[in-house]
Amino acid sequence: MVGTTISHYKILEKIGQGGMGEVYLAQDTTLDRKVALKFLPEEMQQDATSKKRFLREAKSAAALDHPYICKIYEVGEEEGQSFISMEYIQGQTLKDKLAGGPLPLKDALEKATEVAEALEEAHKQGIVHRDLKPANIMLTPQGHVKVLDFGLAKRVTPAEGQEQEITTALTREGSTLGTIPYMSPEQIRGQAVDTQSDIFSFGVVLFEMLTGVHPFKKASPLDTASSILRDELSPLSDYVPELPEVLQHTLQKMLAKRVEDRCQSAAEVRIDLEQLAGGVPFIPGRLRLTRRQMLVLTVLTLVAALTTLVGLDVGGWRGWLSQVVGVGGAPRIQSIAVLPFENVSGDPDQDYLADGMTEALITALGQIGALRVISRTSVMRFKGMNRPLAEIAQELNVGAVVEGSVQRVGQEAGITVRLIHATTEELLWSQGYQRDLSDLLRLQSQVAQAIARQVEVAVTPEEEARLTAIRKVNQESYEAYLRGTYYLNKYTPEGIERGLAHLQQAIDIDPANSLAYAGLAAAYSDIAHMPAPFQDAFPRARALALRALSLDDTLAEAHLAMGEVKLYYEWDVAGAEPYLLRALELEPNLARAQAHYGWYLDVVGRLDEAEMRLKRSVELDPFFPIYTAWLGWWYWWVAGRYDEAIEEAQRSLEIDPELLQGLLVLGGTYAEKGMYEEAIAAHQKLAETTPLARGALGHTYALAGRRDEAARVAAELEESAPTLIAYWDLAQIYTTLGDKDQAFRWLEKVYESRHIFFPWLKKVPAFRPLQDDPRFDDLMRRAGLEP
C-alpha cells in the first residue's frame, strides 16, 4: 500500500502490525500533517458485525481529548477498506523500554501516574480500553506517555449463562480478544468486562515497570491464564528490595482477583501514585488526599491533634472551642438524589433506557435503610433543566446528588455515573462502564454498592445480600419492561395503555420475568385508586403480585401491591400489615409503601405512627403532589387540624394546580371551617377539571345550606349512570341533607362495589350523623370491620 492514497491520506511507510490490523505512517494532504493510519485485518473486514462494532467503538473513543491519550482524528471507509486516522507519535513503546530492565522508581511513578490519568478520563466517558499493555503505551521524546488504542480491543462475551472454557479465550498475543498476560480474571473467563478490568491490566503493567518482571507470566498461555486466576502476588521486595513497601498495598488492590476487592477507580490509583511520587506520607483507603489536598496535609495533622485535645478536654479546650467556633465534624451524607440520567445517544427513542437506569438505581439505593433516597417522581421534574446542582440539592434537601449519562449503541450501553457533594459541588466519585444491555441489572447493583461505600453509610448484612443478588432476566424482556415503566410514569391515559402493553410483552417474551409481573401488579394497583378504575384492577393486581412473589419474594413492589389489595379491596386489615411491612423492609425508601402503611396505621388507630409515615412519604417524594395532598387529607379527616390540612393542600396545588386530591382536600377543609365561599370555589374548579368528582361540589352545597343546588347535583349524578366515585358522593350529599334512607342506599352501593374508602367509613366527617343508626354497624360487621 506504500505510495497509494486512501481518501486524503498518502501512505508513506508501514510502521506496525498486530491483531487489530496494520498501521501505516501517512500524510494528511488536507491538513498537511503526519498521521498513523490503521486498517482493519482482513478477517474483520469480511465480518460485518465485527467491522461495525470496531468502527462504532473507534468513533466513541474519538471523543477522548487528553494529553496522555492518542487522539483519533477520523474513522472512515474507502473502497471497502475501513480505517482509523490517529495522532502519529514518535518515540518508543513501553514494551521496548522495559526490554532494557525496570524503570527507576521516580520515572516509573511519574509515567504510571500519567497512565492513570488517561484511564481516569476515558472511564469518565464510559470508555474501557480492554487491552492495556506495554505495547499500547508510547513514551514520547519529551518523557510523557500516550496510551494507544482506547476502546479498540474486542471484548470477550460468551452467550448468556455460559462460562467459556479458559482455552477458548486464550489466543495468540495481540489477537482481537486481548493479550493473555494482561487480561483480568473476568476477561479470561469470558465474562463482560468494565473499568475494573483495565485497572487489573494496569496493575500488571505497573509491576513490570517497577521490577522488569511480569507477575504471572509462565511458559504457556494456559499456564499464564491459570496463574492470573489463582496465584497470589509475589512481594516486590523479592525483585527490587529498595522499593517502598506501600507500593505492595497499591498493587495488591489493583490485582485483586475479585472485582469487588479491586480499586474502585483509576482516580484511586492515581492518588496513590501522586502521593508516592510527591514524597507525601502514604495514606491508604478513604483518607486518600487529592493533589490540592496535599497542600493542606500539615493543617489536617494539626486539626487532628487539636481534635484529640478537645476530645480529652485538656485544659478545658472543649468548652472554650465550642463557645468560639463550635466542634464536631461535617455531618455524613445521609440523603441522596439520583438526578435523571442524560440520554447522549442522540436518539430520543432511547430516553426509556436513561430513565430506566435512573429508576433502577433509585430502587437499588432505596434498599439501604440508613440512607434517605428521593423518589423518581420528584427528581424527574429536573430532567433537562440546566440548574446549579446546589440549588437542586437544596430543593430536595439532600446531602449529595448522583448524575450520569447513558449512550446506547447496538446491544451495548456506555454509562457514566458521578457522585457530587450537594453544597460544594465537589466530585466525590466517578466511574464509567461499558456493558451489554443484559448486564444492566448487575451494573445497577454495583453502582449502588459503590455509592454506599463512598458516602460511608451503614449497610446491614441483609441489605448487602439483596444488593449483591442479581436477577436473571432475558435481555429483550428487560427492554420491554423498561419501556413499560417509562410510559406508565408519564401518568397519561396513552402512557398507561402503552405501558401496560409493554409490560405484558415483557411477560410474553419471558414468563419468568418477575420484575414485569411486579411492575404490572403495581400499575393495576395504582389504576384501582383512580377516579374511574378498571372494574377488575385489584383482582388483576392480586394475581400478578402473587405470581411475582412466587418467582422472587424480594420484590418490594409485589409485596406492596398485595398489601394494597388486602387493605383497600379485601378489607383484610390484619392481613395487610405483613405485606406492607415486608415492602418497607425490602425498600425503606419506597415512598408509596410509606404512605399506604400510614393509612393502614390510621385504620388500626395508631395515629402518631400514621402521621409519621405519611410525612415520611412526603420527605421521600417532596414533589409528588398526591402524597402531600394525602397528608392534608389525614389532617382534615382524622386529626381535625384544618389549618395544616389547608397548608398541605395548597402546597400540592402549587405543584399541580388541577390535582383532584388537592382540590378535594382544600374545599373539604374550608367547608369544615365554615368558609363556604372558598370551599365552593375549590370544588367548582374540581368539577371543571375532573367531572367525575363533581359530587364533592354537591356535598359542599349541602354543608353551605344551599339545599336546592345540592339536590340538583345529586339528581344529575343519579341520572348519568353513577360511577364508583359517585356512590360515595351521593351518600355524603344525602347524609348532609338529612335523608338517611337515601344515604344508606348509596352506602350499600359503596359496600357492594368494594370502594377503597370503606375501611375509613367511621373516620369520615360527613358520615358522623349515621353512626348511631343500627344500619351503620351492620354495614361495618358485614365488611369484616370493627363497628
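The values are calculated or read from the model by the stated rules, or taken from the named source; none is laboratory data. This structure is a prediction, so every number in the text was calculated from the model and none was measured. Every residue, glycine among them, receives a Cβ derived from its backbone with ideal geometry; neighbour counts consider all protein chains shown. Ligands, DNA and RNA are stripped out before the accessible areas are found, and what is left, the full protein with its side chains, is counted by its heavy atoms. Shrake-Rupley method; radii C 1.70, N 1.55, O 1.52, S 1.80 Å.
For the chain, the share of accessible area belonging to carbon and sulfur comes to 50 percent (1.4 Å probe, ligands and nucleic acids excluded). Annotation note: trypsin sites (Lys or Arg not before Pro) in the range 177-271 located in DSSP loop regions with a Cβ neighbour count of at most 13 within 10 Å are Arg258. Under a 5 Å amide H cut-off, with hydrogens placed 1.01 Å from N, Asp621 pairs with Ser375 among residues at least 5 apart or on other chains. Summarising the label geometry, the points placed 7 Å from Cα in the beta-carbon direction at Asp32 and Lys762 lie 9.4 nm from one another. The Arg782 and Glu654 beta-carbon pair, evaluated with R₀ = 51 Å, returns a calculated FRET efficiency of approximately 0.75. Binning the C-alpha pair distances of the range 587-684 at 5 Å intervals from 0 yields a P(r) profile of 3, 16, 24, 24, 18, 10, 4, 1, 0 %, listed from the shortest bin outward.
By how many nm would the segment from Glu497 to Gln46 grow when fully extended, if each residue of separation counts as 0.36 nm and the alpha-carbon distance is taken off?
Working: separation 451, 0.36 × 451 = 162.36 nm, distance 4.45 nm.
That pair, Glu497 and Gln46, stretches by 157.9 nm at full extension.
Using a probe of 1.4 Å, the accessible surface attributed to Met530 totals some 70 Å² when neighbouring protein chains are kept in position.
Express the accessible area of the chain per residue in Å², computed with a 1.4 Å probe while the remaining protein chains stay in the model. Walk me through the intermediate numbers first.
Details: 33530 Å² over 787 residues.
Computed with neighbouring chains in place, this is 43 Å² per residue.
By how many nm would the segment from Glu425 to Asp608 grow when fully extended, if each residue of separation counts as 0.36 nm and the alpha-carbon distance is taken off? Numbers along the way, then the final one.
On the way: separation 183, 0.36 × 183 = 65.88 nm, distance 3.76 nm.
In short, 62.1 nm is gained.
By a 1.4 Å probe calculation restricted to protein chains, Val603 has an accessible surface near 40 Å², given to the nearest 10. Subtracting the Cα-Cα distance of Gln17 and Lys673 from 0.36 nm times their residue separation leaves 227.6 nm of extension gain.
Taking all protein chains together and rolling a 1.4 Å probe, Ile15 ends up with roughly 80 Å² accessible.
Sequence-ordered 3J(HN,Hα) estimates for the range 469-481 from the Karplus curve with 6.51, -1.76 and 1.60 and θ = phi - 60° stand at 7, 9, 7, 8, 9, 4, 4, 5, 5, 5, 4, 4, 4 Hz, glycine and proline given as x. Under 5 Å from the amide H of Thr93 lie the amide H atoms of Leu139, each residue being 5 or more positions distant or on a separate chain, with H modelled from the backbone and absent for Pro and chain starts. Out of the range 50-97, which GluC sites (Glu not before Pro) are coil in DSSP terms and have no more than 13 other C-beta atoms within 10 Å? Listed in order of number, the matching sites are Glu79.
Consider all pairwise Cα distances in the range 396-538 and report the whole-number % of them above 22 Å. Don't skip to the answer; put the middle values down first.
Numbers: 5488 of 10153 pairs.
For the range 396-538, the share of Cα pairs beyond 22 Å comes to 54 percent.
For Lys34, the amide hydrogen comes within under 5 Å of the amide hydrogens of Asp28, counting only partners 5 or more places away or on other chains and with H modelled in the peptide plane.
Helix 537-551 axis versus longest C-alpha principal axis of the chain: approximately 40°, rounded to the nearest ten.
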